[in-house]
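One structure is given here, and the rest of the page talks about it.
The values are calculated or read from the model by the stated rules, or taken from the named source; none is laboratory data. Every value quoted in this text rests on a predicted model; they were computed, and no experiment measured them. With ideal geometry, Cβ positions are generated from the backbone for all residues, glycine too; neighbour counts draw on all protein chains shown. Please note that ligands, DNA and RNA were not included when accessible areas were found on the heavy atoms of the full protein model with its side chains. Shrake-Rupley method; radii C 1.70, N 1.55, O 1.52, S 1.80 Å.
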Amino acid sequence: MGANCQLKQAIVDKWEQADGDKVIEPDSTNIELLHDYQKVKLKGRFDNKHHIFLDNRTNNGRAGVEVFTPFIGTNGVFILVSRGFKRWGMTRR
């Protein structure tokens, strides 16, 4: 099994393992307990005026950026949420 295949299998294994986890409503007392693929229940809003773009990424051979947006919970917790990959077109605009 190739390295890329092993990495993808590890991600799938984590996701399947997390499937049985209980749902957590993050707050200042339990935010440290969150792990990858943790199921959470959030109330609040995305701060769509402030995005973070990680540049120089590729996905399926296409150049682009990973997009993250802060989520502001009604309980005061801020969580950075991955919104996915945005590929560049012919130009970087």
Original post:
What residues have an amide H closer than 5 Å to that of Ala63, excluding those fewer than 5 places away on the same chain, when H is modeled at 1.01 Å from N in the peptide plane?
Top reply: Trp88
Subject >> Placed amide H near Leu42: partners under 5 Å, 5+ positions off or other chain >> reply: none
Original post:
Mind checking which lysines have their C-alpha under 23 Å from Lys41, skipping anything on the same chain fewer than 8 residues away?
Top reply: Lys14, Lys22, Lys49
Subject >> Top positive-direction residue, dipole computed over the chain with Cβ charges, set Leu33, Asn75, Val23 >> reply: Asn75
**OP:** Could you state the accessible area per residue of the chain in Å², with a 1.4 Å probe and every protein chain left in place?
**Re:** 81
**OP:** Find out how many positive minus negative residues lie around Phe85, taking Lys and Arg as positive, Asp and Glu as negative, among other residues whose Cβ is under 10 Å from that of Phe85.
**Re:** +4
**OP:** Would you mind telling me the share, in percent, of accessible area of the chain contributed by carbon and sulfur at probe 1.4 angstrom?
**Re:** 53
Original post:
Roughly how large, in nm² to one decimal, is the mean projection of the convex hull of the alpha-carbon atoms in the chain?
Top reply: 7.9
Original post:
Largest first, what is the accessible-area ranking of Val65, Val12 with a 1.4 Å probe?
Top reply: Val12, Val65
**OP:** Mind grabbing the accessible area of Ile24 for me, 1.4 Å probe, Å², rounded to tens?
**Re:** 20
